[in-house]
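The block underneath contains the structure these notes are about, expressed in structure tokens.
The values are calculated or read from the model by the stated rules, or taken from the named source; none is laboratory data. Treat the numbers as computed from the prediction; the structure is a model and nothing was measured. Counting neighbours? That spans all protein chains shown, and the Cβs are built from the backbone with ideal geometry, glycine included. Accessible surface is based on the protein model in full, side chains and every heavy atom, while ligands, DNA and RNA are left aside. Shrake-Rupley method; radii C 1.70, N 1.55, O 1.52, S 1.80 Å.
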Amino acid sequence: MNDSNLAGNGNHRETSSIQKFYNSVTRKKPVGYTGVFREESYNASARRMGTLLDITTTGLSNTIGSPLYILTGFVMQRKAGPAIIISYLIAFISSLCAALTYSELMNQISTHGSDYLYSYVTMGELYGFLVGWNLILEYCVDVASVSKALTIHIDKIYFNGDISSWQSHTTAIPNLNHFSDYVDLFSIAFCFILTLIIAMGGKFSKVVNNFFTCFNLVCYVSIMVFGSFSCDLSNWYTQQPHLNTTLPTQQPPELAPVGFMPWQFRGALQGAGSCIFAFAGFRAIFGDGIKSRDPKRNLPIASISTLVISTVLYIGVSFTISCMIPSWKIDTAAPIFSAFTEHNLLPLQKLLAIGAIAGLVQASVYKFLPLPPLLTMMSEDGLLFKFLGDVDKETGGPFKGTVFYGLVSTVFVAVFVLDELIDMLSIGTLIAYIMASVSIIRLRYKPGEFGNGNSAMNQFTERKMKASLIIYTITSCIFGYLIAYSNFSSVLFITSASILTLIMLICGVIIYLQPQNIQELSFYCPFVPLMPLFAIFLNSVLIMHLSYKTWIRFSSWMGIGLVVYFTYSIRFSNLSNNHTVNKKPGGYPNSDPPKRTHVRRVSRQGRLDGYHIEHTPLPDTRRSRSTPAKAARAAARNISREEEMAARLREWNDFLRVQTLNKQRAEMESDPEGSVCSQPRISHKTNSNGGV
């Protein structure tokens, strides 16, 4: 009997450990607690600067600067041919679904749009960390790809490829089939210089940004207008001399047949997976949305406008280039320049060369800007090492973290070729799109956590929705793999596709029949859950068309992220029990008190510990080497940071009080008189006085 009791206790302890681990990786960030990116942290004058035109210009700056100069030749020659038009259209549909999803997530969760924040709030800490870790990879690869493309264009246009020839003999890497043939020293130098510029707080002003954006638009319109005089549809069917067209389509792309779809629709899908890179920049709109005058109205309009304008330009320029030169003849390094060189349009060559370099320089700066805020947010949440998010007093950004990940970008530049970098960026973007679609369904079908929810929602309906969503997502990935690698006319494919389609329909119907948590919002994502479910399926199909090498590299990066999470983040997270009890002297988990500020801890009648902050400057004995103007600006920054920390401490204190009250209510639910159970569950909301 004693042995059985011991066995029972052991099983209970094991179950408790598993439950504790599950609770740790699925703990969610409170909706009202969004870290440093809160609307009140910006003053009214800064918010007035963000008009609808400014936000749209920001989106176009991050979207149209570089993709045409990087993607066009690579996708046309090796994946889709002239069907790159279809590829851009499919990528636009996927990005449009993501834009609509982000717009509602921004309305429900936070004005500052971040895939990391949305996943952390809706699906839990582990999911949020992996999405944030994926975004770090995406930003680093984005910077690396633009840096490499810029040096390649300068080499092709002004040096006729002499730089790459010299590097291939001087810095060659032997016996590495999956990496670059040589170390690109010039790309490394440019990437490192760019890292230092961003780390020191450098960026384009609004006037310079608008000028570069307009110049890029003029260049694209010029390509379509002047290139149309040299268009000839027969270039779609012009065969390469001595080309053996009897080879099967599984052979390398350079031996493929010609036509509008040289590799059929599967080639267009492969091209669409890479063309996602062209639209990834629109998400910067939601990062800068907090500066908008009316973000909940302007951000949806600006994001959709950015995608529509970008798609028209991409399709127009790609169609023009495909009619000017055969896809097998295009130069993947400088496709637009090579097309105009083919027709001896020398004046336009010079204009387009300047436009390409200007667009890539602008893109290189803007691709790096979303990384410092992400590092700061994840570091403040305790999911990244603290030094990566330390905000420098002079630059106003995480100098150490930016430099560290800038070095990671230089490693990518050194060892990978451009097309591999593009695929690595695309896989990160597609996963972010899938997670955003899952997040919006979770929000719509969550009982009452994000507002006055539908009374018909309960835990049972949520479990049904969650299980159906997981099964649907896994089935979509399997279906996408079959589409990418199976023969459409085989019996195995038809049978498997029928079974998978039936499973997806059943899961979709189950989700559709559940009651939704409807709230009063200024923008609703249309056709929920049908549109997010379609986006999950489409993005799963596109992501499965990427090469196995891309999956190996991505899996290696995510493996490193899991090691970081389970060795550091799970213990030092702000939501960890250890850091809820054992706080540092600053009163905020995993952070130090503001410099030049006294922080003391007080007890409120023994019921709950709170933290008060006194804004009494500490004596400064250091000699100031700054000018009076710099000293005045630094004093203003210190005051704003102290006010920001005070608001952050009050917010965290309210969150802890709500947790304690909810725990007390849960313990008293067995009250026979129902005096406690009849009370509504307290949510993390504060009134104008800062109370709950």
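Checking the table K20/K393; K464/K549; K156/K400; K20/K466 against a 28 Å threshold on Cα-Cα, which pairs fail? Kindly include the intermediate steps, with their values, before the conclusion.
Details: K20/K393 39 Å; K464/K549 36 Å; K156/K400 35 Å; K20/K466 20 Å.
In this structure, K20/K393; K464/K549; K156/K400 lie more than 28 Å apart at Cα.
Is the shape of the range 501-575 best called rounded, prolate or oblate, per the rule: a/c under 1.5 gives rounded, else a/b larger than b/c gives prolate, else oblate, with a ≥ b ≥ c the square roots of the Cα gyration tensor eigenvalues?
Note, shape of the range 501-575 comes out oblate.
Using the heavy atoms of the protein chains and a 1.4 angstrom probe, tell me the accessible area per residue for the range 111-159 in square angstrom.
For the range 111-159, the solvent-accessible area averages 18 Å² per residue.
So what's the range 452-542 giving for Rg/Rh, alpha carbon basis, Kirkwood Rh from the mean inverse pair distance?
Result for the range 452-542 is an Rg/Rh of 1.07.
Please sort 459-467, 320-328, 509-517 by packing, taking for each peptide the average over its residues of neighbouring beta carbons within 10 angstrom, highest first.
Top to bottom by mean Cβ count within 10 Å: 320-328, 509-517, 459-467.
Leaving ligands, DNA and RNA out of it, report the carbon-plus-sulfur percent of the accessible area of the range 332-430 at a 1.4 Å probe.
71 percent
Report, to one decimal in Å, the Kirkwood hydrodynamic radius for the range 296-374 based on all distinct Cα pairs.
15.0 Å
In a shell of Cβ-Cβ distance under 9 Å around S379, excluding S379 itself, what net charge do Lys and Arg (+1) and Asp and Glu (-1) give?
Numbers: positive: K386; negative: E380, D381, D390.
That works out to -2.
Any idea of the accessible area per residue across the range 48-96, 1.4 Å probe, to the nearest Å²? The partial results should precede the final answer.
Details: 1150 Å² over 49 residues.
Ligands and nucleic acids excluded, the result is 24 Å² per residue.
Before I look further, what does the range 322-390 give for accessible area per residue, probe 1.4 Å, in whole square angstrom? Walk me through the intermediate numbers first.
Details: 2010 Å² over 69 residues.
For the range 322-390, the per-residue accessible area is 29 Å².
So, in Å, what gap is there between the alpha-carbon centers of the range 554-573 and the range 124-196?
Each part's Cα centre sits 25 Å from the other's.
Quick one: which residues, 5 or more positions from Y182 or on another chain, have an amide H under 5 Å from its amide H? H modelled 1.01 Å from N in the peptide plane, none for Pro or chain starts.
Answer set, sorted by chain and number: I173.
Quick one: grab the alpha carbon gyration tensor of the range 52-101, order the square roots of its eigenvalues as a ≥ b ≥ c, and give me rounded if a/c is under 1.5, else prolate or oblate depending on whether a/b is larger than b/c. Before the final figure, lay out the partial values.
Values: a/c = 3.73, a/b = 1.61, b/c = 2.32.
Since a/c reaches 1.5 but b/c is at least a/b, the shape of the range 52-101 is classed as oblate.
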